[in-house]
Structures are given as structure tokens and as C-alpha cells.
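Structure, as C-alpha cells:
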Amino acid sequence: MGHSLSADKRERQNLKRRHRNRGNTIALKKELKRVTAEIATGKAADPKAALSGAFKALDRAARKNTIPKKRADRKKSRLALAANRAAKTAATPKS
């Protein structure tokens, strides 16, 4: 408990925000883990659709201030590079 009414209110607000951010972070991590696994194993039937889901989750997290916008952009860029690399290696015939 805080020393004043405003400190009590601040605690309640922080608790609500922490729960909201935690849920958003968990959802984001699950989506990123799913997409990176698809890219790594090459199971993605349509890599663009998989990336689209990850981009959507990253944009949502950045919009809700769960993560900074520049971090979301950096993660999107790295996911796209990984997907392109995986597609390139899958397209080249193994000799």
C-alpha cells in the first residue's frame, strides 16, 4: 500500500498495465516462435502468410506499447531475411 491515495491508484494502474503487457508479450512470443520454427524446418507452405502473421503480431505489440516500434521493425527485418535465406536454400538443388 502506498502512502497516499494517488500512490494507491498508481499501484492499481501499474498492476493492470503489467497484466495487459504480459498477455501481449506472451502472445507475441508464441507467434514468433511458431513462425521461426516454420522457417527453420521449411514447413511453411506459404512463407508470406507465415510472415504476415508475425508482422501483424509485432505491429500490434508496438502499437500497444508492449515493445518499442524500432524493435518491432528490427525483428520484422530479421524474420524476412531468414525467410528469404530459407527459401533460397530450398530452391537451390542439393548436389
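Rundown of residues vs (1) within 26 Å of residue 26 (Cβ to Cβ); (2) touching a Ser or Thr at 6+ places or on another chain (Cβ under 8 Å), yes/no style:
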{"position": "57", "(1), (2)": "yes, no"}
{"position": "61", "(1), (2)": "yes, yes"}
{"position": "64", "(1), (2)": "yes, no"}
{"position": "68", "(1), (2)": "yes, no"}
{"position": "74", "(1), (2)": "yes, no"}
{"position": "79", "(1), (2)": "yes, yes"}
{"position": "82", "(1), (2)": "yes, yes"}
{"position": "89", "(1), (2)": "no, no"}
{"position": "93", "(1), (2)": "no, no"}
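Can you give me the number of residues within segment 4-54 that are at pLDDT below 90, loosely packed, with under 12 Cβ neighbours inside 10 Å and within 23 Å of residue 68 (Cα to Cα)? The total comes to 0.
Can we say residue 65 is assigned to a loop (DSSP other than H, G, I, E, B) and polar (S, T, N, Q)?
Judged against the criteria, residue 65 is a match.
Of all positions in segment 65-74, none carries a residue that is in contact with a Pro (Cβ under 9 Å, 6 or more places away or on another chain) and exposed (fewer than 14 other Cβ atoms within 10 Å of the Cβ).
The values are calculated or read from the model by the stated rules, or taken from the named source; none is laboratory data. Please read these numbers as outputs of a predicted model, since none were measured by experiment. We place every Cβ from the backbone using ideal geometry, glycine too, and count neighbours over all the protein chains shown.
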